[in-house]
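Throughout, read-outs are computed from the coordinates displayed, never taken from laboratory work. Treat the numbers as computed from the prediction; the structure is a model and nothing was measured. FYI the Cβ positions are ideal-geometry reconstructions off the backbone, even for glycines, and counts take in every protein chain you see.
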Amino acid sequence: MSFKSLDDLDDLSGRRVLTRVDLNVPMDGGRVTDATRIERVLPTIRELAGKGARVVLLAHFGRPKGQAVADMSLAPVAKALSEHLGRPVAFASDCIGDAARSVVDALGDGDVALLENTRFHAGEEKNEAAFADALASLGDIYVNDAFSAAHRAHASTEGLARRLPAHAGRTMQAELEALGAALTTPVRPVLAVVGGAKVSSKIDLLENLVKKVDMLVIGGGMANTFLAAKGKDVGKSLCEHDLADTATRILKAAEASGCEIILPVDAVVAREFKAHAANETVSVDEVPADAMILDVGPASIATVVAAIDKAKTLVWNGPLGAFEIEPFDKATVAAARHAAERSKAGALTSVAGGGDTVAALNHAGAAEAFSYVSTAGGAFLEWLEGKDLPGVSALQA
């Protein structure tokens with residue numbers, strides 16, 4: 001897709017740049033406990049401020065449902081942002097109206113302000129014209145640096161892009177370029193690794209991927225549903241037996257499009273779902289009736305590693321096993337570290353995303369070596385599912 005970036009903005013002196021960012025960070029007692037999302041928006045803020053812009057940040061926090069909720073205020077986030085940015089960040093107690101305008105009007109060239117939670121107004125999530133107009137009146141240019149919110153047609157993600165000259169920020173640009181390299185114009189062969197608990201939450205994802213990738217590894221609890229659909233007895237494992245027909249349909253679609261489906265051939269099973277539970281490795285043809293599959297076995301890991309070696313592009317979403325508890329993290333850790341090594345060597349373009357995915361890659365110590373790790377969650381998944389993202393479409397030049 002074609003979109004304008006910060007490279008298309010030159011002299012910004014005196015210009016008010018409404019910049020949508022993702023500051024929906026984890027908090028505890030008014031303190032930010034994970035500043036990853038703050039750190040990711042710093043390059044865009046610094047570049048805009050460095051060009052003399054008057055940077056006006058828009059963000060949401062939590063789910064206040066159109067009401068001003070005290071513990072969902074962005075005021076504590078403004079303080080944390082200022083500390084990470086290394087410069088003052090003015091804060092407005094509202095994102096529209098006199099409170100917002102007085103703060104914006106007081107900005108000098110290169111100054112930064114954060115406006116209060118956009119979701120304190122019902123017009124944000126409804127993308128109401130009057131609310132979008134009120135936001136637009138505070139700026140001259142719009143920059144969207146919040147890919148994580150781009151799957152929603154909200155006033156601050158889609159409405160503003162229709163009202164002001166619109167550009168992608170550096171984080172948005174990096175995300176779009178990474179996803180484009182992964183699925184739109186990838187270097188083949190393309191491998192997708194999809195794990196997680198349930199097939200039901202990833203039907204659209206799987207149906208889209210089998211049409212776009214050359215190899216698809218299915219792991220986690222969802223692999224059990226596919227194994228059961230192929231006639232395997234998975235014992236007491238997490239399994240959506242009612243989705244056997246769906247799994248069969250996906251397998252047939254993969255065969256028709258030339259996508260190789262890679263399922264576990266062996267499994268690590270236990271009778272209890274707890275750390276260091278007594279376990280054994282068995283063939284998927286010999287899962288005990290009273291046991292549950294909690295990870296894939298060494299033969300399956302070898303198959304996944306071989307697929308990673310064959311691939312030039314990797315898309316990863318979801319763990320291969322119950323990585324949160326040892327020793328059922330072995331497959332996820334082994335595969336993630338191998339993909340990281342291949343990426344670091346320049347042999348593989350690796351793009352990963354989704355909440356559990358980020359946690360799993362961090363657990364494996366592999367995240368930093370991946371080509372790109374998205375923190376976008378729902379937006380990342382919807383992109384992989386082939387769905388239109390309104391906040392992205394609105395940026396198209």
Cα-projected label distance for Lys4 with Asp109, points at 7 Å along beta-carbon direction, nm
2.1
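How much length is gained on full extension from Asp233 to Glu272, taking 0.36 nm per residue of separation minus their Cα-Cα distance? Present the calculation step by step, with values, prior to reporting the outcome.
On the way: separation 39, 0.36 × 39 = 14.04 nm, distance 1.80 nm.
My answer for the length gained is 12.2 nm.
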Restricting to Cα pairs below 8 Å that are 6+ residues apart, what does the relative contact order work out to for the chain? Please round to a whole percent.
16
Counting only DSSP beta bridges with both residues in the chain, tell me the antiparallel percent, nearest 5.
25
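Output the peptides 131-138, 185-192, 342-349, 215-222 sorted from most to least packed, where packing is the average of other Cβ atoms within 10 Å over each peptide's residues.
Values: 131-138: 20.4, 185-192: 17.8, 342-349: 16.1, 215-222: 25.5.
Sorting 131-138, 185-192, 342-349, 215-222 by mean packing, highest first, produces 215-222, 131-138, 185-192, 342-349.
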So what's the gap between the Cα centers of the stretch 328-377 and the stretch 216-260, to the nearest angstrom?
24
Would you work out which of Ile203, Val77, Leu176 lies farthest towards the positive end of the dipole of the chain, given +1 charges on the beta-carbon of Lys and Arg and -1 on that of Asp and Glu, about the Cα centre?
Leu176
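How much length is gained if the chain between Ala75 and Asp285 is pulled fully straight, taking 0.36 nm per residue apart and subtracting their Cα-Cα distance, in nm to one decimal?
So the chain would gain 69.9 nm between Ala75 and Asp285.
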To the nearest Å, what is the center-to-center distance of the stretch 36-53 and the stretch 97-124, using C-alpha atoms only?
17
Largest fluctuation, Met172, Met27, Met72 only, Gaussian network model of the chain with Cα springs under 10 angstrom, belongs to Met27
Once Rh for the stretch 1-123 is found with the Kirkwood sum over Cα pairs, what is the Stokes-Einstein diffusion coefficient at 4 °C and 1.567 mPa s, in µm²/s?
88
The stretch 51-104, relative contact order [Cα under 8 Å, separation at least 6], %
24
Hey, how many Å between the Cα centroid of the stretch 170-200 and the Cα centroid of the stretch 264-282?
30
Glu83/Thr184 FRET efficiency (R0 35 Å; Cβ-Cβ; nearest 0.05):
0.40
Can you give me the Kirkwood hydrodynamic radius for the chain, using every pair of distinct Cα atoms, in Å to one decimal?
22.4
What lysines sit close enough to Lys211 to cross-link, taking a C-alpha to C-alpha distance under 23 Å and skipping anything fewer than 8 places away on the same chain?
Lys198, Lys202, Lys230, Lys252, Lys310, Lys312, Lys387
If one builds a Gaussian network model of the chain from Cα atoms under 10 Å apart, the most fluctuating residue listed among Arg20, Arg37, Arg54 is Arg37
Volume per residue of the C-alpha convex hull in the stretch 59-177, rounded to whole Å³
109
So which aspartates and glutamates pass the test for Lys212, namely a Cα distance under 16 Å, with those fewer than 8 places away in the same chain ruled out?
Asp204, Glu255, Glu260, Glu382, Glu385
